[in-house]
Amino acid sequence: MDITKEIQKRRTFAIISHPDAGKTTLTEKLLLYGGAVQLAGSVTARKNQRATTSDWMELEKKRGISISSTVLQFEYAGYRINLLDTPGHKDFSEDTYRVLTAVDSVVMVIDSAKGIEPQTRKLFEVCRQRGVPIFTFMNKCDRPMKDPLALLDELERVLGIGAFPVNWPIGDGFDFRGVYDRQTSQMHLFERTVGGKYRAPVSVGGVDDPAVRGQLDDTTFNRTVEELQMLEHAGEVFDDAAVLAGKSTPVFFGSASNNFGVQLLLDGFLKHAPGPKGRFGVPSSSGSGTPAGGGNGKTAEGGTPNFITPEHPHFSGFIFKIQANMDPKHRDRIAFIRVCSGKFERDMTVHHSRSEKKVRLSSSHKIFGNERETVDEAYPGDVIGLVGHDSFGIGDTLTADPKILYKEIPRFTPEAFSYLHNPNTAKFKQFRQGLDQLLQEGVIQALYLRDSAAKIPLLAAVGPLQFEVVQFRLESEYGAVSRLEAAPWTVVRWLPVDMTEDELDALSLPTGAKLAYDIGKNPVVLFQNEWSANYFGETNRNTPLSALPAQTARD
Ligand SMILES: Nc1nc2c(ncn2[C@@H]2O[C@H](COP(=O)(O)OP(=O)(O)OP(=O)(O)O)[C@@H](O)[C@H]2O)c(=O)[nH]1
Ligand SMILES: [Mg+2]
């Protein structure tokens with residue numbers, strides 16, 4: 001009973017979009033509302049954390065972009081909110097996609113002047129495939145924006161999703177006056193705040209309220225009334241079932257940097273967003289060997305095989321992110337786990353899927369940007385950070401019931417390759433240690449050429465900005481300067497994991513192609529181009545190639 005109540009309190013969501021739409025700004029503003037509530041209570045220690053930015057990494061501050069996803073947990077209106085800010089740049093999409101496996105819904109931020117941009121569209125596709133409910137925030141209404149009706153149309157046309165405007169903008173750009181809440185029939189008038197530091201003051205009233213009417217010129221007033229009538233006429237109603245199925249998105253307008261519409265979004269989101277959902281596990285090879293469903297097509301509770309509900313009596317969760325050196329004072333690594341079922345208690349002993357060993361989880365934290373606080377218990381929906389386990393990797397399951405195994409983490413095909421040299425032999429230890437850590441975090445992948453005596457790591461990235469992050473972090477966190485050298489390949493394909501060394505020797509590769517191993521010692525072929533990879537595929541039909549990394553290590 002207790003646990004059901006805790007589960008119902010949790011809301012876990014990610015903020016996604018194309019770069020620069022305002023995710024981090026919105027995140028910070030959501031905290032202002034969440035944090036302000038905490039200030040009223042006893043948790044005054046939190047006060048300074050309002051200054052904590054979601055972009056805490058040095059390189060992020062320098063570049064003004066998000067490079068890594070950030071977890072923030074706060075209480076608001078009786079809810080325990082786990083919020084994940086994600087990077088928008090496509091080179092970091094591996095991190096963003098991993099985060100999407102850990103959430104129950106998303107807020108999609110759109111720059112109202114630009115409409116739906118390519119990366120938003122890609123991320124939306126992932127959400128749709130996963131059936132994740134989507135809430136939309138049309139940001140930057142304080143700047144000249146596209147016609148709001150055209151924006152709704154774009155959502156429907158480009159994304160193929162129904163759009164229900166929960167509120168409606170009044171004017172835009174310099175003439176932006178606020179939003180009309182269609183649920184309560186009230187106008188929220190906008191006042192600019194200096195630097196957007198404080199909660200924006202809002203005055204509220206109906207359309208015909210003289211105080212409101214007096215703020216609007218005739219053109220703006222008439223246009224708003226006309227648009228609202230058109231929306232009423234269209235007769236769409238808020239359809240919770242369609243939202244939960246990811247078929248329709250509630251739309252909120254506002255301006256994150258001005259704190260405007262942020263509270264309406266937060267309240268509207270909490271009213272309709274789903275709590276923690278159950279997840280499918282896969283049959284585990286460890287434990288008793290029987291899948292969670294008992295193998296008879298039904299679980300003990302009578303559900304679908306291996307479907308693990310949050311109320312499942314045993315604790316389970318999976319690691320979706322690893323981050324080292326978040327706090328320069330500690331220099332340790334945190335494994336972020338999404339709790340999926342049961343109750344987590346600090347010091348509990350659980351089964352770790354990768355090592356198939358029992359581990360005791362004694363160092364568990366609640367995370368707030370790069371700040372942390374010991375947490376003694378956690379419930380489904382919570383994201384907690386675990387410290388002190390070097391064997392933990394991304395995708396690992398931790399559970400009190402060894403029969404549960406999650407396979408949630410998506411894999412990506414690298415498309416950019418570059419050697420990473422260590423020019424300073426005296427710093428070899430730091431270089432190696434730093435690189436190993438970054439590889440474990442999944443910041444980048446590394447390959448090693450098969451016939452090369454010098455073990456120079458060949459970095460393999462989804463996008464070239466990842467190289468920059470590796471170099472920057474090696475230097476700033478490990479004191480190791482590095483040098484990149486362009487490599488001639490653009491395509492990597494994984495070979496069957498069970499190929500023997502003799503079989504590898506016997507392969508006849510196209511010109512310029514090379515054999516290499518990934519860090520799990522799985523064999524791969526590097527090709528100069530797609531054509532060469534296809535040619536090899538056609539002439540070696542008995543040796544199937546895979547564009548995705550092998551899931552299991554050879555040793
Ligand atoms: N005018 C205006 N600018 C805004 C608003 N919200 C955000 N911005 C600005 O837009 C820029 C990008 O904001 P961020 O919050 O860093 O964007 P992001 O989506 O987190 O970007 P990435 O994480 O790099 O993908 C910053 O300069 C913000 O100040 C808004 O409501 N109005
Ligand atoms: Mg950001």
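The values are calculated or read from the model by the stated rules, or taken from the named source; none is laboratory data. Since the model is a prediction, treat every value here as computed from it, not as a measurement. Cβ atoms come from the backbone with ideal geometry, glycine included; neighbour counts cover every protein chain shown. For accessibility, only protein heavy atoms count, side chains too; no ligands or nucleic acids. Shrake-Rupley method; radii C 1.70, N 1.55, O 1.52, S 1.80 Å.
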* **Condition check for E408: among the acidic types (D, E) and part of a loop (DSSP other than H, G, I, E, B)** => yes
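Conditions (1) in a loop (DSSP other than H, G, I, E, B); (2) closer than 25 Å to K9 by Cα; (3) open to solvent by 40 Å² or more (accessible area, probe 1.4 Å), marked per residue:
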{"residue": "R354", "(1), (2), (3)": "yes, no, yes"}
{"residue": "K358", "(1), (2), (3)": "no, no, yes"}
{"residue": "H365", "(1), (2), (3)": "no, yes, no"}
{"residue": "R372", "(1), (2), (3)": "no, yes, yes"}
{"residue": "L386", "(1), (2), (3)": "no, yes, no"}
{"residue": "D390", "(1), (2), (3)": "yes, no, yes"}
{"residue": "K403", "(1), (2), (3)": "yes, no, yes"}
{"residue": "F412", "(1), (2), (3)": "yes, no, no"}
{"residue": "F417", "(1), (2), (3)": "no, no, no"}
* Given the conditions (1) assigned to a loop (DSSP other than H, G, I, E, B); (2) among the small types (G, A, S); (3) modelled with pLDDT under 90, report the number of the one that G275 does not fulfil. => (3)
* Structure fact -> Among the residues of region 88-110, the number that are in contact with a strand residue (DSSP E or B) (Cβ under 9 Å, 6 or more places away or on another chain) and within 10 Å of ligand 2 (Cβ to nearest atom) is 2
* Quick one: K140 ticks every box in (1) open to solvent by less than 20 Å² (accessible area, probe 1.4 Å); (2) on the phi > 0 side of the Ramachandran plot; (3) within 16 Å of ligand 2 (Cβ to nearest atom) bar one, so which box is it? -> (1)
* Structure fact -> Residue count, region 158-201, condition under 20 Å from T136 (Cβ atoms), of a type in the set (S, T, N, Q) and modelled with pLDDT under 90, comes to 2
* Asked: Any idea which of L26, L72, L59, L83 is within 13 Å of ligand 2 (Cβ to nearest atom) and modelled with pLDDT under 85?
  -> L59
* Asked: Quick one: would you say K47 is open to solvent by 40 Å² or more (accessible area, probe 1.4 Å), more than 16 Å from the chain's Cα centre (by Cα), modelled with pLDDT under 90 and within 15 Å of ligand 1 (Cβ to nearest atom)?
  -> no
* Structure fact -> Restricting region 255-275 to residues that are among the polar types (S, T, N, Q) and open to solvent by 20 Å² or more (accessible area, probe 1.4 Å), the one nearest to ligand 2 (Cβ to nearest atom) turns out to be S257
* Asked: Restricting the search to region 331-346, which residues are in contact with a helix residue (DSSP H, G or I) (Cβ under 9 Å, 6 or more places away or on another chain) and surrounded by fewer than 21 Cβ atoms within 10 Å (Cβ to Cβ)?
  -> R331, R333, K343
* Can you tell which of G303, G369 is under 23 Å from the mean Cα position of the chain (by Cα) and modelled with pLDDT under 90? -> G369
* Structure fact -> By residue number, the members of region 59-86 that are closer than 15 Å to A378 by Cβ and polar (S, T, N, Q) are Q73, N82
* Structure fact -> By residue number, the members of region 343-356 that are in contact with a strand residue (DSSP E or B) (Cβ under 8 Å, 6 or more places away or on another chain) and not aromatic (F, W, Y) are K343, E345, R346, D347, M348, T349, V350, H351, H352, S353
* **Every pair of residues 6+ apart whose Cβ atoms lie under 8 Å, when the first sits in region 513-537 and is within 20 Å of Y419 (Cβ to Cβ) while the second is acidic (D, E) and crowded, with 18+ Cβ neighbours inside 10 Å** => V524/D518
* Residue check, R346 within 22 Å of K5 (Cβ to Cβ), of a type in the set (K, R) and touching a Ser or Thr at 6+ places or on another chain (Cβ under 6 Å) -> yes
* To do: Those residues that are of a type in the set (S, T, N, Q), near ligand 1 (Cβ under 10 Å from one of its atoms) and either open to solvent by 10 Å² or more (accessible area, probe 1.4 Å) or touching an Asp or Glu at 6+ places or on another chain (Cβ under 9 Å) (or both), I need them from region 71-116; list them, please.
  => T86, S112
* Would you mind stating whether A40 is more than 10 Å from ligand 2 (Cβ to nearest atom), among the small types (G, A, S), over 30 Å from I444 (Cβ atoms) and modelled with pLDDT under 90? => yes
* Asked: Which residue, of T309, T349, is under 23 Å from the mean Cα position of the chain (by Cα), more than 29 Å from T27 (Cβ to Cβ) and either surrounded by fewer than 24 Cβ atoms within 10 Å (Cβ to Cβ) or modelled with pLDDT of 95 or more (or both)?
  -> T309
